[in-house]
Every structure is written in structure tokens, then in C-alpha cells.
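Asker: Dropping a structure here in C-alpha cells format, bear with me for questions.
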Amino acid sequence: MEREIEMRTRTSASVAAVAGVLALPLALTACSAFGVGDDDEGGAVTLTFQSLAYQDTTIAATQDIVDAWNEANPDVQVELVQGSWDNVHDQLVTQFQGGTAPDVIHDESADIMGFAEQGYLADLEPYLSEDTKSAVSEDIWGTVTASDGAIVAAPTLLQSYVVFANTDAFADAGVEIPTGASLTWDDFQALASQLGGDGGFGVGWGLQQPTATVMNLSLGFDGTYFDGDQITVGENELAVPERIHAMAYEDASLDPVSLTQSGSDVLPGFFDGKYAMYVAGNYIAQQITESAPEGFNWAVLPPLAGTAGATQAANPQTMSVAAESEHVEESAAFIDFFMQAEHQAALAQGDWLIPSSTPARELVAEQTAGENGWDAILASGEGLSAAPFQSVVNYPQWKDQYATPALQQYFANEITLEELQTQLTDGWNELG
Amino acid sequence: MTRRNPLTRPLQYLALLAYMCFLAFPLIFLLTTAFKTDREIRSPEPSFLPESLNLDNFTAAIERADLFRAAGNSLLTAVTTTVIVTAVSLPAAYALVRFRTRLRMVATGWILLSQVFPFILIIIPLFLLLKNIGLVNTLLGLVLVYAVWALPFALWMLQGYVAAIPVELEEASAVDGAGRFKTLRRIVLPLLAPGLVATSLFTFINSWNEFFFALVLIQEPDMQTLPLALARFVGAEGQVQLGPLAAAALLACLPSLVFFMLIQKRLTAGLLSGAVKG
Amino acid sequence: MTALAAPAPTRAPKRRRSTEGRDAWLLVLPALLPVMLFSVYPLVYGVMLGFTDAEAGLNAETHFNGIDNYTALAGNELFWNSFKIGLIWAFAVTALQFLASLGLALLLNLDLRLRWLARTLALIPWAMPPVIIAIMWQLMLNPNYGPVNRTLETLGLPSAINWLGESAIALPVVIIVGVWAGMPQTTITLLAGLQSVPAELNEAAAIDGASTWRRFWHVTLPALRPIITAITTLDLIWNFNSFALVFVLTAGGPGGTTMLPSLFAYNEAFRYGNFGYAAAMGNVMVVLIGAFLFVYLRAQMRRR
């Protein structure tokens, strides 16, 4: 019984202590700490702009543009909010549904066309300036035009898939670094075989999320997948997966483990010399410059070309305005400002991406003088064109539920090419 | 006392050791990683211990202002939820045990039911409801949701503790002329102290750890809680910074661990005995 | 502890019957109001949503569509596949968790050295948010730098395994992480239960010459049965509905092999915007799990 009483008093003491600790922050924080009721605005319009920039360089470039705008437009202030590519889709679904979407929305073409069909994105056609409109090719405008003809976004930066090469590994193997306007898949495969062996591989390719890569590169073989709402998975569409599979499982020039990993998981293997080549989006160049070990020499190879040339699908990053925004016009004006060549060029260099605007692309060529692989990166941008999959409303769901699992299984050598074909086709028809 | 195999003890220790490895290894790994430099982490010949107690990862983690703010948001949310839940569940648990009304059956049913329902059913209407009263994207909204969904379990736990208090004590007090609420304060409350500690601990940890509601209800980066911020830290495209991530993860465990240590003894002894009896 | 464990009669004081009801309401009301608003209402709404075609879209109209969602679900192979994964996950985690925790609880109930350390360690996973547990295991299982592969490498075993990336092994690996994450509650509950098994029972059996194993099987286990039923039931429900751990660990991949039904329904609602259909999935999950629990609990009651 004595022990019990002692326990009790000690407990009361600790309860008191805990209660004290608990009460303190409560007393210190006002209601605003809970995020309630801080809605007051002055006379100026405030736009929220959710940016997905994630590399330090691009975040800084974005901030600079916003600061420049805010200085020039005291009546329309832009507030920068940081989003993330990982959950942007889920987040936008929730925000649109809850009416809490930001005014200016950064995303990518393949992700937003569904939102456009649901009526969540404003038509920017009446608001964008002629300069902006003429800076971007018709083809690229096609990737952000909804079925009713509304332009639901301004296309900003484009990515292409490029082959990075460890030039020392090439030298050690006595293999010459290819030059020229493009690199055919056959040559790429041959190179990979020459460079592999000895515990190393010719290529490391992080294809954990394979669908976008496969869809984009397939255009080089005229693999378009969609025609309206119909899917076709034929020889052209399967050429890219088949070749990747062959490199991994037939001539062992591509590390099959890397296929199950993310691009950033594979990158260190490229640095360590485990892989002589590394395939990834061109934006990875930024990470290579930032984190490669000292003395690491690299280059960007000419763009991969299939039977239809060095063509890849253009899936531009986009800037849209929420249809429910109270300030569509002001938001569009900001996007127009954002699209100016100097701004796009700065962003492009931050992310090592390709501006969809021609003047901005020229500016980048001039500013970088083609150094650090920029000539090859910009060259790969010439082959970017609109692909049908971007404007298909159910594409994101098909990608998640059918295409990605099927491709993952195929790249893990668990299903055959025929099974891949069936799964891709049946999956689409399932979604109806 | 009976025949005992001489091997029994060593085997028991061996088993205990195996358990300790399984439970502790991930944590020790996290701890060592948090102190390693990036080069050490990625080196082809790793050493188990870091070369030095390098705090760069911690400063890198803390410098990310969003993590710091997220920790503040989490603390505020968890503490407020705990206070509300404790304050509300105490009288309710007492009433449910001591008064035999139909309420008790209904409440027990609800407590069980609330555990079965998948959150996906609740989240959509809850989101719409909070949106209508302007509490989406606010910590207050989150607190309300956490409090309501922590209540059933808190009630369940507390009921067990209330039931363990002999009614005779209260009756004696009543005979002495004390009113019900005076009895409550003088007799019941002190006896319930361990139960309250356990319940508040449970509530605090659950709110601190919660992810799903926050994922849907909080979209503003300024308002995100620690689990959200960390999940995004990992997901952040490009190269994952393993060291700072490990450091941040470690820091995020601290409040719960400290809380645990404060009442560790009582925890093992008292915590679930209440729940079990309930 | 002993004070708490003492059985107490819970009869009501025999006085003031008339005021009793009012007092009860008064005390329960602060809990009742928010519960009604923030859980009963959304729940009823959510169940009803499962019978509508609610979907994302500006000014999209919602209509009741009877059982359309359920006929569609019946033919949705992906959902049933996910449901199957959910069952495998929930049962495997619950069973393994139970066995592992029972073993640990038995050890902790012995008078062993270092018991305090093991106790503390056993609690730690509980102090960690599931998100962190997921992050930590991601680091552990990283194919290149993770200590798991590196240990295998040192032992000369195959070490290029992408634990979370290969569809054949991802689910078992995720299950092990789930066991790790959920051991504390189960262990403590079982330990509390063990400690309340009257020592006399065991002593009496020992005097009768029963072996340790027989004593465990015939004395300890039956005494623990109510607690075992309670904790396995709760674990099963919690595991079946769990979200955060797997969401961060694999997000349902690779190839959908770890797509728990809660993740599946989440995607349906918050990725594809089919709110009504997602709620219907929730309803199906409740009904099937509820039915299972009913059968299980009734069987357990009968055995008592």
C-alpha cells in the first residue's frame, strides 16, 4: 500500500508537470497560430502562385521573377507557395474540390488535361499577349489545348531524355564518344555492349516509374499509343520497351537492378564508374554538376533516334489559372510576364530544361555558349513534338493502374512482350 | 522449482538478444547515418560507426525552415488535441461507468464501430464539412478532427481506470456529506491520475504521428505537420539527401521519446492494464 | 499496478436516481457534441456517398445511383486484387505480430537481466511516426547503401536485391516492416495480461508436476484468451485500415503488389476524383471486415 501511495504522488507530480508543459504553448499562441482568420487584405490584389520548382537554382530563379513582378506591380502582388511534384495531382484534386486552389498553378501538360476537362482551369486565350503566343510553336500549344479549343495553360519548360556518358570510362574502354546529330538505338545498344563487363554495365537506367519515359521515347518509333480515345499497342509502341528489355536480359549491357530503382538511386552508380552511361531526363545535369565527385568527366550524347528520327514527346511544364480564381486576368498577366524570354531562359538554366519559347531557347544557347552539354540538350529539344497521350483524359489513371505495373513487370522480366501488349490494351479498355 | 533444462536460461537470453537486435538495429542505423557525411554514407566500404560526430546533417535538417515550422505545427496540434481530449473524456468516462444509462451501450458500440471504419469513408465528408466552416488548411480543423477521432480510444482506456476505483470510496465520501462533484475532485481525480497520464500520452502520440487526415486536410506548406513535411522531404524529386533525412527523422522522434521516458515505468505497468480491464 | 488490477465492482451508488440521468448527460455532453458533428455526421454522409456518382468537376452534380457503384466494383479486378493484398497484409502482420509479441512478452515477464532495456526498446517503434518508420526502413533496404544489402554482401550472399522494388518480394518485406512497427502495443498488452495471470495457478500446476510447456498451454494461454482476442481483433482492424506506412514505403508499388485497399480507395478519390466510387469501396471494406469480425468474435465468445 505504501508503494502505491508513493506511486500516486509521483504520478500527480508528473501529471502536474505534463499539464504545465501542455499549457505553456497554448498560452503563448494566439488564434492565428492555428491558421484561422488571417485573411485580411489591403487594397491590393494578392495572387497565390504554387510553384513546383525544387532545385535550389530554380527556386531562386522563380523567386527572382516573382520579386521583379511584385516590384513592377504594386497593385497585384504574387505570393509564392511551394508545392511538390510528388503529390501535386492529389493535392490539386483536393484543392479544386475544396475551392482552395491557388490562382496560378504550376504543373505539367500530361497531368492537367483531365482538370481542364473537368472545368477547373480558365481559358487563357483572351489574356495572353501576342508575344507569348508567337514564341511557342503551334505544336506545343497543342499540348495545352483542351478538346473545346480552350488554352488552359502556357507551356514553359520541356524535358527530353538524354544519355549521359562517363567520358573516362569511354576512354578506358577505348570507345570513341559518338558525335553527330543523333544516336540510333542500334548504336546505343552496341556502345553499351562494348562498355560493359567486369562487374560494370554499359548503362544504368532508373526506370522505377517507366511509363512517361517509354511513352515519350516511343514517339521516335512513331509509337503514338492513342488515337482519340482508341489505344493501339503495336510494333511501334513496343519498340522502346523491347529494346530496353533486350539490353537488360539478352546482352546484359544494362543493369536489370537499375530498372527497378529510381533515377536518383542509380546516379551514384554512374558516379562510381559502375555504369558508363546513364539515361535520364536532362534536368539531371543540374544534379551531376552539383554532386559529382571531383574529377568526374561527363558529356551528353546526341539524342536517341528511332526509326522515325530523334523525336520525343513534348510534355511541357505548364502555368495555368484556376477557373474559380477571382483574378483570372491578373493571373494571366503574371503568366505572360513569367513567359518572357529572359525569365524562361533563367529558369531553364536553373533546371537544365529546354524552354518551349523559341526566343528563350536562343537566349539560353547564347548565354551558355553550348557548354556543359547544353548544345546536345538544346538539340534534343528540337525533336520534341506533341503526343496524343497528353490530351487523353484518363491517361493518369491508365498510367498508374495499368501501364506502370505492366511495364514494371516486363522490365523485371516477369511477363512477356505479348503479355505487356495485352495488359496495356485491356487496361485501357477496362477504364472505358 | 521443478526440473529445469540447464540450457533454458542461455536460450532465453539468446532469444532476448535476437529481439533486441531486431528492434534496435534500424534505430541504431538511423542514429549512425545521421552523423555520417554524405561521402561516408555512399562509400563502397562503409564503416559501422561514423568517423566523427559530425552535426552537419542536423543543421542541414533544421535549416530547412519548413521542417522547423512543421515541428511547431505538429506540437501545437498534438498538445491542443491532448488537452481537449483529456478534458472531455474524463467526465464522460466517469459518467459512462458510474451511471447505468443506455448511453453506455451506445457509447461502447460507437467506440468499437469507430475503429472499424476506414478513414476513406470519413475523409471526404469531413473535408467538405471543414471547407464549409472555413477550417480546411487550418490547424484548428486538424485539432478538431484529431480530438474527435482520439476520443473513442481515450474513453475506452479511461473507462477501465474508472472501473478500477472502488465505489465504496466514493460512497464513503458521500456519506461524509460531500457532493458528487466534490467527490469527483477529491477522490476520483487523484486515483485516476495514472490513467489520465496514459490516456494523454496515447492521444499525444497518435496526433503527433497522424498522417492521413493531415495529408488530405492540409495543403498549405505553412500549415503542414511534421509527418507531411518529412514524407515530402523523402519524395522530393532528385537526389535524396540521406544524411539530413536521417537527422530529421531522428529529431521528429524526440518529443515522443522524451514523453515516453518521463513516464516510462508507469507506462509498461499501468498503460494498458486499464484498457485491458475495460 | 496491483491497485489498478484489483477487480472493482462497478455498481452505481444507490442514491439520487432521478438526478442521475441528468448528471450523466451533463458529463457526457462535451464529448457527445463534437463526436456527433465530426464523426457521426461525416460517417453517415460517407456511407451515403457510396450510393452516389459524386466526382470531381466544377459544379459537377451528384445523383444517387443506387447500386451502380457496387455492380461496377464487382467487376473491378484491380479492387479485388487490392482487397486480397489487404487481407494478406492484415492477417500476416497480425499473426506474426502476435507470435513475435507473445514471445517477447513471455521473455519480458521473466526475471532476466537487461529486461529494462528490452522493454524500452520494445516501446520505441511506438514513439515513431509511421512516416518515419517508413523512411527509416527505406534507408535500411536501399539497394545500394542499405545495411541489409551490405550485410549480405559481407556474408557473400546475393546483395543486389531491390527489396521494395521487386514485385515478388515487396509485399513480404513490407509485412515485416509492419510487424516491426506494430509490436509495441501488442507486446505491452500481452505483458499486462501475463502479469495479471494469478501466480497461484502456475504454482499449483507446477506442484502437480506439469512441464513449462504444459503450464503455458493449459494455464497461461487460457487465462490470456480474452486479452488475446481483444488485441488480435484490434490489430487486425488497425492493420487492415493502415495507410501511412505503406503509402510512404512503396505507395502501392511495384506493379501494384503492395496496393492496400485503403491506398486504392485513396487514389480513386484523390487522384482520379471518383469520390462516390471510392466511398463505395469503403462501404464494401466495412461490410466484409465487419462480417469477419462478427464471426471471429462469436467463435471466441463460444470458446470461453
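The values are calculated or read from the model by the stated rules, or taken from the named source; none is laboratory data. Worth saying up front: this structure is predicted, and the values here are computed from it rather than measured. When we count neighbours, we look across all protein chains shown, and the Cβ atoms used for this are built from the backbone with ideal geometry, even at glycine. The accessibility values were calculated without ligands, DNA or RNA, using every heavy atom of the protein model including side chains. Shrake-Rupley method; radii C 1.70, N 1.55, O 1.52, S 1.80 Å.
Asker: In Å and from the alpha-carbon atoms only, list the Rg and Dmax of the stretch A:273-368.
Answerer: Cα-based Rg and Dmax for the stretch A:273-368 come out at 17.4, 54 Å.
Asker: A further question follows. With charges only on Cβ, +1 for K and R and -1 for D and E, what is the dipole size of the stretch B:25-162 about its Cα centre, in debye, rounded to 20?
Answerer: Value, rounded to 20: 960 debye.
Asker: Moving to a separate point now. When only the heavy atoms of the protein chains count and the probe is 1.4 Å, how do A:L238, A:L417 rank by accessible area, highest first?
Answerer: Ranking A:L238, A:L417 by accessible area, largest first, yields A:L417, A:L238.
Asker: Also, quick follow-up: Can you list residues whose amide H is under 5 Å from C:I161's amide H, if they're 5+ apart or on another chain and H is modeled 1.01 Å from N?
Answerer: Close amide H contacts, sequence-distant or interchain: none at all.
Asker: About its Cα centre, how strong a charge dipole does the protein assembly as shown have in debye, to the nearest 20, once Lys and Arg get +1 and Asp and Glu get -1 at the Cβ?
Answerer: About 9460 debye.
Asker: Whole angstrom only: what separates the Cα centroid of the stretch A:105-177 from the Cα centroid of the stretch C:230-265?
Answerer: Centre-to-centre (Cα) distance: 36 Å.
Asker: While we're looking at this one, here's another question. Tell me the volume per residue, in Å³, of the convex hull enclosing the alpha carbons of chain C.
Answerer: With only Cα atoms used, chain C gives 222 Å³ per residue.
Asker: With viscosity set to 1.306 mPa s at 10 °C, what whole-number translational diffusion coefficient in µm²/s follows for the stretch A:189-305 from Stokes-Einstein and a Kirkwood radius over Cα pairs?
Answerer: 105 µm²/s
Asker: Got a sec? Charge dipole of the stretch B:28-92, +1 on Cβ for Lys and Arg, -1 for Asp and Glu; which of B:A60, B:T32, B:V83 is way out at the positive end?
Answerer: B:V83
Asker: What are the residues of the stretch C:231-255 that lose 10 Å² or more of accessible area, with a 1.4 Å probe, going from their chain alone to all protein chains?
Answerer: The answer is C:L234, C:I237, C:W238, C:N241, C:F243, C:A244, C:F247, C:V248, C:P254, C:G255 - residues whose exposure falls by at least 10 Å² when every protein chain is included.
Asker: So what J values fall out for the stretch B:117-124 if you push phi through Karplus, 6.51 cos²θ - 1.76 cosθ + 1.60 with θ = phi - 60°, rounded to Hz, Gly and Pro as x?
Answerer: Residue by residue, the stretch B:117-124 yields 5, x, 5, 4, 5, 8, 5, 5 Hz.
Asker: Let me ask something additional. Assign unit charges at the C-beta atoms only (+1 for Lys and Arg, -1 for Asp and Glu), then state the dipole size of chain A relative to its Cα centre in Debye, rounded to the nearest 20.
Answerer: 1000 debye
Asker: Let me see the pair-distance distribution of chain B: every alpha carbon pair, 5 Å bin width, integer percents in order.
Answerer: Computed distribution, short to long bins: 1, 5, 10, 11, 13, 12, 12, 11, 9, 7, 5, 3, 1, 1, 0, 0.
Asker: With r as the distance between the Cβ atoms of A:N372 and A:Q77 and R0 = 35 Å, compute the FRET efficiency 1/(1 + (r/R0)^6) and round to 0.05.
Answerer: Efficiency, rounded to the nearest 0.05: 0.45.
Asker: How big, in percent, is the set of alpha carbon pairs in chain A lying more than 28 Å apart?
Answerer: 54 percent
Asker: Could you quote the convex hull projected area for the stretch A:316-372, Cα atoms only and averaged over all directions, in nm²?
Answerer: Computing the convex hull of the Cα atoms and averaging its projections yields 4.2 nm².
Asker: How long is the protein assembly as shown along each principal axis, judged by its Cα atoms, biggest number first, in Å?
Answerer: 97, 73, 56
Asker: Next question, about the same structure. Rolling a 1.4 Å sphere over the protein heavy atoms, what is the accessible area per residue of the stretch B:1-140, to the nearest Å²?
Answerer: 50 Å²
Asker: Hey, in the GNM for chain A with a 10 angstrom Cα cutoff, which one of A:L384, A:L52, A:L121 fluctuates hardest?
Answerer: A:L52
Asker: Springs between alpha-carbon pairs under 10 angstrom, Gaussian network model over chain A: which of A:G223, A:G196, A:G234 fluctuates most?
Answerer: Answer for the Gaussian network model of chain A: A:G234.
Asker: Find how much the distance from A:N70 to A:A246 grows on full extension, using 0.36 nm per residue of separation minus their present alpha carbon separation; answer in nm with one decimal.
Answerer: Between A:N70 and A:A246, full extension yields 58.0 nm more.
Asker: Could you tell me the total accessible area buried at the C-B interface, probe 1.4 Å, in square angstrom to the nearest hundred?
Answerer: 9500 Å²
Asker: Now for a separate question. Measure off, as a whole percent, the carbon and sulfur share of the 1.4 Å-probe accessible area of the stretch B:1-153, all protein chains present.
Answerer: For the stretch B:1-153, the apolar C and S fraction of the accessible surface comes to 69 percent.
Asker: At a Förster distance of 51 Å, what's the computed FRET efficiency of B:E51 paired with A:E125, Cβ-Cβ distance as r, to 0.05?
Answerer: 0.25
Asker: Choose one of C:L58, C:Q97, C:L191: the residue whose Cα lies farthest towards the positive end of the charge dipole of chain C (beta-carbon charges +1 Lys, Arg; -1 Asp, Glu; about the Cα centre).
Answerer: Result: C:L191.
Asker: So how far apart, in nm, are the two label points at B:R186 and C:T151 if each is 7 Å from Cα heading toward Cβ?
Answerer: My value for the distance between the label points is 5.9 nm.
Asker: In square angstrom, rounded to the nearest 10, how much accessible surface does C:D53 have for a 1.4 Å probe?
Answerer: 60 Å²
Asker: Along the positive direction of the dipole of the stretch C:63-196 (beta-carbon charges: Lys, Arg +1; Asp, Glu -1; about the Cα centre), which of C:V173, C:L87, C:L114 reaches farthest?
Answerer: Farthest along the dipole direction, towards plus: C:L114.
Asker: Rounded to the nearest 10 Å², what accessible area does C:V177 have for a 1.4 Å probe in the complete protein model?
Answerer: 0 Å²
Asker: Relative to the longest principal Cα axis of chain A, at what angle does helix A:56-72 sit, 0 to 90 degrees, rounded to 10?
Answerer: In chain A, helix A:56-72 runs at an angle near 60 degrees to the longest axis.
Asker: Pairs of Cα atoms under 8 Å, at least six residues apart: use those to get the relative contact order of chain B, whole percent.
Answerer: Relative contact order, chain B: 32 percent.
Asker: Roughly how much of C:R150 is accessible, in Å² to the nearest 10, using a 1.4 Å probe?
Answerer: 40 Å²
Asker: Another question, if that's okay. From the Cα gyration tensor of the stretch A:318-432, with a ≥ b ≥ c the square roots of its eigenvalues, which class applies: rounded if a/c is under 1.5, or else prolate if a/b is larger than b/c, or else oblate?
Answerer: oblate
Asker: With springs connecting C-alpha atoms under 10 Å apart, model chain B as a Gaussian network and identify which of B:A18, B:A163, B:A231 has the largest mean-square fluctuation.
Answerer: B:A18
Asker: Under the rule of at least 5 residues apart or a separate chain, name every residue whose amide H is placed under 5 Å from the amide H of A:L183.
Answerer: A:L304, A:A305
Asker: Against the longest principal axis of chain A, how steep is helix A:328-338, in degrees 0 to 90 to the nearest 10, with axes from Cα atoms?
Answerer: Between the helix axis and the principal axis of chain A, the angle is about 50 degrees.
Asker: At what distance in nm do the modelled label points of C:W238 and A:E414 sit from each other, each positioned 7 Å from its Cα along Cα→Cβ?
Answerer: A separation of 3.0 nm, rounded to one decimal place.
Asker: Next up: Starting from the Cα of B:V167, step 7 Å along the direction of its Cβ; do the same at A:Q230; then give the gap between the two resulting points in nm.
Answerer: Simple spin-label model gives 7.9 nm for this pair.
Asker: If you don't mind, another one. Pop the C-beta distance of C:L26 and C:I67 into the FRET formula with R0 = 35 Å and round what comes out to the nearest 0.05.
Answerer: After rounding, the FRET efficiency stands at 0.20.
Asker: Expressed in nm², what is the orientationally averaged projection area of the convex hull enclosing the Cα positions of the stretch A:89-197?
Answerer: 11.0 nm²
Asker: State the Cα centre-to-centre distance between the stretch A:204-252 and the stretch B:202-236 in whole Å.
Answerer: Using only Cα atoms, the two centres lie 37 Å from each other.
Asker: Now for a different question. Taking θ as phi - 60°, what are the ³J(HN,Hα) couplings along the stretch C:125-134 by the Karplus curve (6.51, -1.76, 1.60), each to the nearest whole Hz, with x for Gly and Pro?
Answerer: The phi angles translate into x, 6, 7, 9, x, x, 4, 5, 4, 4 Hz.
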